[in-house]
Amino acid sequence: SQQGEEDPQALSIQEGENATMNCSYKTSINNLQWYRQNSGRGLVHLILIRSNEREKHSGRLRVTLDTSKKSSSLLITASRAADTASYFCATDRGNNNDMRFGAGTRLTVKP
Amino acid sequence: KAGVTQTPRYLIKTRGQQVTLSCSPISGHRSVSWYQQTPGQGLQFLFEYFSETQRNKGNFPGRFSGRQFSNSRSEMNVSTLELGDSALYLCASSLQGGHGYTFGSGTRLTVV
């Protein structure tokens with residue numbers, strides 16, 4: 001079963017705009033990670049945020065985590081056409097490293 | 001350093017056959033996890049191996065099995081293939097598991 005649920009399922013924006021994707025999960029976690037997947041390929045790790053952190057930045061990426069609401073958001077600023085991909089959140093509950101993924105958000109950035 | 005290597009990249013099998021997929025993790029990584037990705041179910045966790053031991057298993061039937069060798073390379077096997085097994089099978093490795101996963105490009109299995 002999936003642990004995380006991303007919202008929205010699909011997002012279409014113009015180049016230069018910001019993109020925000022949300023993730024909700026159900027159980028307590030050790031950390032939450034965001035991954036990107038280009039069509040039909042493997043996933044690329046973007047950023048990890050631990051359960052005791054509230055916000056983290058990496059380049060144009062900003063991730064927030066609200067453990068009281070069991071939710072996280074990924075913000076991509078100044079989007080580029082190359083950001084077009086599916087984005088997944090994944091949670092690690094700490095029990096035997098069983099990392100579970102959400103259904104993903106399909107982001108399309110139009111040039 | 002070399003990434004996670006999955007072979008083969010593409011595979012076409014007939015219903016009822018069996019298939020073995022291979023995953024070579026990044027050198028030094030001892031944890032290998034397997035996922036099945038389909039349009040309808042998304043990314044589903046199959047199992048995770050660490051130092052040749054299966055530490056966790058997802059909700060898949062016994063037709064899905066795996067193993068890990070002493071060099072951390074892993075294989076997964078699917079017996080008595082069904083049409084619904086058609087999917088992208090992804091392998092991910094990490095040092096200890098839990099985070100820092102690196103994924104392979106996957107094996108696209110089509111069952112006809």
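The values are calculated or read from the model by the stated rules, or taken from the named source; none is laboratory data. Note that the structure is a prediction, hence the values are computed from the model and not measured. Cβ atoms come from the backbone with ideal geometry, glycine included; neighbour counts cover every protein chain shown. For accessibility, only protein heavy atoms count, side chains too; no ligands or nucleic acids. Shrake-Rupley method; radii C 1.70, N 1.55, O 1.52, S 1.80 Å.
With respect to the conditions (1) away from every other protein chain (no Cβ under 13 Å); (2) touching a Phe, Trp or Tyr at 6+ places or on another chain (Cβ under 8 Å); (3) among the hydroxyl-bearing types (Ser, Thr, Tyr), A:Tyr25 lacks only one, and its number is (2). The single condition among (1) within 17 Å of B:Gly106 (Cα to Cα); (2) of a type outside the set (S, T, N, Q); (3) in contact (Cβ under 8 Å) with a residue 40 or more places away in the chain that B:Arg30 does not meet is (1). Checking A:Leu75, A:Leu11, A:Leu32, A:Leu48 one by one, the residue that is in a strand (DSSP E or B) and farther than 25 Å from B:Thr38 by Cα is A:Leu75 and no other. Looking across the stretch B:61-112, the residues that are of a type in the set (Val, Ile, Thr) and either open to solvent by 50 Å² or more (accessible area, probe 1.4 Å) or within 13 Å of chain A (Cβ to nearest Cβ) (or both) come down to B:Thr80, B:Thr102, B:Thr107, B:Thr110, B:Val112. Does A:Leu74 satisfy the condition of being within 30 Å of B:Arg108 (Cα to Cα), of a type in the set (A, V, I, L, M) and surrounded by fewer than 21 Cβ atoms within 10 Å (Cβ to Cβ)? In short, no.
Residues that are more than 28 Å from B:Arg30 (Cβ to Cβ) and open to solvent by less than 40 Å² (accessible area, probe 1.4 Å): does the stretch A:51-62 have at least one?
Step one: of the stretch A:51-62, the residues more than 28 Å from B:Arg30 (Cβ to Cβ) are A:54-55, A:57, A:59-62.
After this cut, where a residue has to be open to solvent by less than 40 Å² (accessible area, probe 1.4 Å) as well, the list is A:61.
Yes.
Among the residues making up the stretch A:27-43, a single one is without any contact (Cβ under 8 Å) to a residue 24 or more places away in the chain and out of contact with any strand residue (DSSP E or B) (no Cβ under 7 Å at 6 or more places or on another chain): A:Arg41. Considering only residues that are surrounded by fewer than 19 Cβ atoms within 10 Å (Cβ to Cβ) and touching a Ser or Thr at 6+ places or on another chain (Cβ under 6 Å), look in the stretch A:31-49 and name the one that is nearest to A:Gly59 (Cα to Cα). Looking at residues that are surrounded by fewer than 19 Cβ atoms within 10 Å (Cβ to Cβ) and touching a Ser or Thr at 6+ places or on another chain (Cβ under 6 Å), I get A:Ile47.
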